[in-house]
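Visitor: Structure incoming, see below.
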Amino acid sequence: MHPVITASVPLLEPPNWAISQRELFDLLEYAWRRFEHDFTGPDGQLAYRAQLTSRDGVDDFYETFFNWPQLYLLGGSDDLLAASEWHWEAVTRQLTDLGMLHDEYERGYDWFHQGESLQLFYFLCMAAPDRWAERAQRFAELYVDPAHGNYDPAHRIIRRPHNGSDRLREGLFDGRSYPWLPEEARMYGFPLDWVLPPGTDNTADPDPRLANEMHRRMAVGDTAVNLAASGLVLNALLLSGKQRYRDWIANYVGAWRKRAAANGGIIPDNVAPDGTVGGLLEGRWYGGHYGWSWPHGWYSVGQAATIAALAAVAATGDESFLDLVRPALDEVITHGKVMAYTEADSSLQSRWVAQLGDDVHTPTLHVPFRYADRGWFDYNPMLMAIPTALWHHSAEPADWERIERLRSGNGHDWRAVRAFRSKEEAGHEEPWLAFLAGDNPTYPERILAAAQAQVRHRLSRMERYRGGHVSEADIHLWQQCNPVVTEALVQLTWGGPQVIYNGGLQQARVRYYDAQAKRPGLPPSVAALVSRIDPEATTVDLINLDPEAARSVVVQAGAFAEHTIRSVRHTVCEDTSWIGDLYDYGHRQPAVTSAATDVNGPWLRVELPRSTRVRLTLDLTLRDRAASYRTPFET
């Protein structure tokens with residue numbers, strides 16, 4: 001039995017955020033069912049009749065549903081989990097028929113895209129661990145067991161940038177040249193630009209010399225984005241507790257940490273098959289596939305390194321693994337410049353134009369995302385997902401001070417909330433951080449309104465495009481129409497940032513279970529708000545909006561029950577005189593006091609009678625328990 005407290009403060013005037021939160025849940029329930037009806041067939045597969053002619057595309061099918069089981073974990077309906085599992089199975093069959101999978105797993109592709117593909121899978125494992133444990137361990141073994149051909153334990157490297165279930169898949173592409181798309185070539189340029197004569201233009205006539213050099217220099221050995229594979233192995237560890245997964249993460253991530261330390265703290269992006277950094281690039285620590293030079297730089301390298309660092313800490317308990325990320329993050333910040341976004345050489349325009357809005361013209365801090373022979377380039381506003389994830393995990397003053405420095409160097413207002421939905425279903429870290437700092441009190445209402453706007457916008461987009469033929473070039477249409485938005489709910493109810501999109505596992509200060517239904521998520525009619533996440537004073541408001549039915553909530557410390565709730569102070573109203581006498585024209589102000597309860601465990605049960613509310617102030621010890629997918633209902 002877990003400690004139990006019972007809410008006693010009457011709910012008289014529900015706060016706007018609570019009403020808006022439950023309205024968002026209701027809208028999302030309609031929206032995912034509408035999407036399922038419009039874009040999937042009776043077999044659960046996406047309506048697609050074409051072939052896939054390159055190695056790309058697996059991620060786009062799975063990404064369509066990536067946050068559906070996440071919504072279930074937040075409190076979505078029971079049948080949403082069943083639908084999510086059904087669509088994973090259906091899309092897996094569909095991709096197998098298209099020749100993209102072997103034994104239900106990607107045949108061989110880079111981890112920037114594999115990480116995107118696996119988000120749906122990770123949330124399914126989190127939501128229904130018993131049903132997904134076998135697959136999770138089978139997939140992890142592709143990397144942990146050297147017999148599958150992906151991992152070289154002697155040099156502690158993943159053997160090639162394109163890796164997966166097909167050990168015979170080699171190189172980076174099929175055919176004589178990389179499948180350049182003109183728009184991508186214009187935005188990102190070309191890798192290995194130093195191996196061809198100056199002025200060579202590969203957009204008009206693909207140069208086989210570049211293809212040959214890419215095969216020779218970039219298609220073998222390890223690359224930094226492979227670090228995201230640590231998320232796959234951590235997922236298996238959370239499900240099984242097996243030491244072999246813990247050891248693999250420590251060894252593989254540890255090897256990359258040593259390489260970063262030898263490079264002045266900046267993680268390199270390439271390792272030759274013999275284990276040497278720059279061994280195929282004339283000693284360059286940059287220039288690897290999906291590395292510092294091409295195509296995305298810090299956007300891909302930083303996310304993979306953060307996924308790996310957090311996985312290594314979870315596996316080993318060694319917080320110093322975060323040094324895989326911090327020095328590189330601080331290095332790009334030292335090269336920052338203040339400019340308007342319209343003056344920057346950014347290659348990610350579609351993202352920042354939506355996120356910045358009118359502030360594209362406002363001088364603000366930009367940092368370089370890429371590095372090549374010519375030095376640092378590709379300046380963008382800071383990608384706040386990484387410093388936010390570091391601080392959320394560590395709660396270290398230095399990680400918060402970095403965030404404050406970034407805010408003070410910005411010209412745009414961090415409190416602004418814009419209704420946009422990035423590919424990652426994230427991007428509102430700045431106003432959320434301002435809210436947690438006590439400087440943005442209306443954020444809950446505004447982010448929930450922005451989420452409503454995005455759902456309704458996507459419902460209109462669905463109406464425009466449903467029933468049409470989807471060509472291979474337009475398979476992002478499903479992602480662009482997916483009406484499930486979860487960032488606001490993750491921040492407000494779990495007190496966590498949205499998951500790192502390219503293969504991370506969820507972070508949360510608290511999660512919830514419906515104690516009556518014995519399933520994850522908030523019960524119906526219950527709203528939650530985390531307004532502070534300091535370990536010694538994590539503040540959570542729980543409200544039961546139902547005028548008749550009681551609800552019962554289990555509060556869990558951490559995404560994986562990895563924290564301990566030492567004690568909780570909670571609001572109490574023991575005096576019922578607020579009701580007044582029979583002929584009073586109104587009620588009196590309830591007298592609210594507080595009480596304290598010892599917990600000393602990862603779970604606390606909160607009984608919520610009809611129309612009640614409670615504020616919990618949790619005293620937490622972070623990461624003192626082994627992270628796992630265990631639930632409060634297990635003996």
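Visitor: Quick one: ARG131 ticks every box in (1) surrounded by fewer than 17 Cβ atoms within 10 Å (Cβ to Cβ); (2) assigned to a loop (DSSP other than H, G, I, E, B) bar one, so which box is it?
Guide: Unmet condition: (2).
Visitor: Which members of the range 439-496 meet the condition of being surrounded by 19 or more Cβ atoms within 10 Å (Cβ to Cβ) and in a loop (DSSP other than H, G, I, E, B)?
Guide: Once the filter is applied, which keeps residues that are surrounded by 19 or more Cβ atoms within 10 Å (Cβ to Cβ) and in a loop (DSSP other than H, G, I, E, B), the range 439-496 yields ASN440, ILE475, ASN482, PRO483, VAL484, VAL485, THR486, GLY495, GLY496.
Visitor: Restricting the search to the range 355-396, which residues are assigned to a helix (DSSP H, G or I) and under 22 Å from GLN506 (Cα atoms)?
Guide: Step one: of the range 355-396, the residues assigned to a helix (DSSP H, G or I) are 355-361, 385-394.
If the condition is that a residue be assigned to a helix (DSSP H, G or I) and under 22 Å from GLN506 (Cα atoms), then ALA385, ILE386, PRO387, THR388, ALA389, LEU390, TRP391, HIS392, HIS393, SER394 are the ones that fit.
Visitor: Quick one: would you say ASP247 is among the acidic types (Asp, Glu), within 21 Å of TYR629 (Cβ to Cβ) and either modelled with pLDDT of 95 or more or under 21 Å from the mean Cα position of the chain (by Cα) (or both)?
Guide: Answer is yes for this residue.
Visitor: With (1) among the hydrophobic types (A, V, I, L, M, F, W, C); (2) crowded, with 22+ Cβ neighbours inside 10 Å; (3) in contact with a Gly (Cβ under 9 Å, 6 or more places away or on another chain); (4) over 16 Å from THR612 (Cα atoms) as the list, and PHE560 as the residue in question, which single condition is left unmet?
Guide: The number of the failed condition is (3).
Visitor: Based on what the data block shows, is ARG605 in a strand (DSSP E or B) and charged (D, E, K, R)? Even if it seems obvious, please write down each step before you answer.
Guide: Details: in a strand (DSSP E or B): yes; charged (D, E, K, R): yes.
Judged against the criteria, ARG605 is a match.
Visitor: Quick one: VAL253 ticks every box in (1) touching a residue at least 24 places away in the same chain (Cβ under 8 Å); (2) in a helix (DSSP H, G or I); (3) surrounded by fewer than 24 Cβ atoms within 10 Å (Cβ to Cβ) bar one, so which box is it?
Guide: (3)
Visitor: Continuing with the same structure: Is there a residue being at positive phi and either in a loop (DSSP other than H, G, I, E, B) or touching a helix residue (DSSP H, G or I) at 6+ places or on another chain (Cβ under 6 Å) (or both) anywhere in the range 68-89?
Guide: Yes, the range 68-89 has at least one match.
Visitor: Separate question: Which of the residues that make up the range 383-408 are closer than 18 Å to PHE321 by Cβ and of a type in the set (Phe, Trp, Tyr)?
Guide: TRP391
Visitor: All but one of (1) assigned to a loop (DSSP other than H, G, I, E, B); (2) buried (at least 18 other Cβ atoms within 10 Å of the Cβ); (3) out of contact with any helix residue (DSSP H, G or I) (no Cβ under 7 Å at 6 or more places or on another chain) hold for ILE565; which doesn't?
Guide: All conditions pass for ILE565, except number (1).
Visitor: Further question on the same structure: What is the number of the single condition among (1) under 27 Å from the mean Cα position of the chain (by Cα); (2) among the hydrophobic types (A, V, I, L, M, F, W, C); (3) more than 22 Å from GLY503 (Cα to Cα); (4) crowded, with 21+ Cβ neighbours inside 10 Å that ALA261 does not meet?
Guide: In the conditions (1) under 27 Å from the mean Cα position of the chain (by Cα); (2) among the hydrophobic types (A, V, I, L, M, F, W, C); (3) more than 22 Å from GLY503 (Cα to Cα); (4) crowded, with 21+ Cβ neighbours inside 10 Å, ALA261 misses (4) alone.
Visitor: Does GLY302 meet the test of being in a loop (DSSP other than H, G, I, E, B) and either surrounded by 24 or more Cβ atoms within 10 Å (Cβ to Cβ) or over 24 Å from the mean Cα position of the chain (by Cα) (or both)?
Guide: Working: in a loop (DSSP other than H, G, I, E, B): no; either surrounded by 24 or more Cβ atoms within 10 Å (Cβ to Cβ) or over 24 Å from the mean Cα position of the chain (by Cα) (or both): yes.
No; evaluated as a whole, the condition is false for this residue.
Visitor: Right, another one. Let me confirm something: among THR364, THR334, which residue is within 18 Å of PRO387 (Cα to Cα) and out of contact with any strand residue (DSSP E or B) (no Cβ under 8 Å at 6 or more places or on another chain)? Spell out the reasoning first.
Guide: Working: THR364 fails: out of contact with any strand residue (DSSP E or B) (no Cβ under 8 Å at 6 or more places or on another chain).
Answer to the selection: THR334.
Visitor: From the list ASP541, ASP598, ASP584, which residue is among the acidic types (Asp, Glu), assigned to a strand (DSSP E or B) and farther than 20 Å from THR493 by Cα? So that I can check it myself, show each step before the final result.
Guide: Details: ASP541 fails: farther than 20 Å from THR493 by Cα; ASP584 fails: assigned to a strand (DSSP E or B).
Residue meeting the stated conditions: ASP598.
Visitor: For the range 173-189: of the residues being under 23 Å from PHE369 (Cα atoms) and modelled with pLDDT of 85 or more, which is surrounded by the most Cβ atoms within 10 Å (Cβ to Cβ)?
Guide: Here the residue is TYR188.
Visitor: Considering only the range 13-41, how many residues are in a helix (DSSP H, G or I), β-branched (Val, Ile, Thr) and crowded, with 16+ Cβ neighbours inside 10 Å?
Guide: Of the residues in the range 13-41, 0 are in a helix (DSSP H, G or I), β-branched (Val, Ile, Thr) and crowded, with 16+ Cβ neighbours inside 10 Å.
Visitor: Given ALA549, ALA595, ALA591, ALA561, which one is within 30 Å of ALA311 (Cα to Cα) and among the aliphatic types (A, V, I, L, M)?
Guide: Values: ALA549 fails: within 30 Å of ALA311 (Cα to Cα); ALA595 fails: within 30 Å of ALA311 (Cα to Cα); ALA591 fails: within 30 Å of ALA311 (Cα to Cα).
One residue alone meets the criteria, ALA561.
Visitor: Also, I was wondering about something else. Return yes when LEU98 is on the phi < 0 side of the Ramachandran plot, of a type in the set (A, V, I, L, M) and buried (at least 22 other Cβ atoms within 10 Å of the Cβ) and no when it is not.
Guide: The answer is no for LEU98.
Visitor: So which residues in the range 45-88 are surrounded by fewer than 19 Cβ atoms within 10 Å (Cβ to Cβ) and among the small types (Gly, Ala, Ser)?
Guide: Those that are surrounded by fewer than 19 Cβ atoms within 10 Å (Cβ to Cβ) and among the small types (Gly, Ala, Ser): ALA47, ALA50, SER54, SER77, ALA82.
The values are calculated or read from the model by the stated rules, or taken from the named source; none is laboratory data. Just so it is clear, the structure is predicted and the values come from calculations on it, not from any experiment. Don't worry about glycine lacking a Cβ; one is built from the backbone with ideal geometry, like all the others, and counts go over all protein chains shown.
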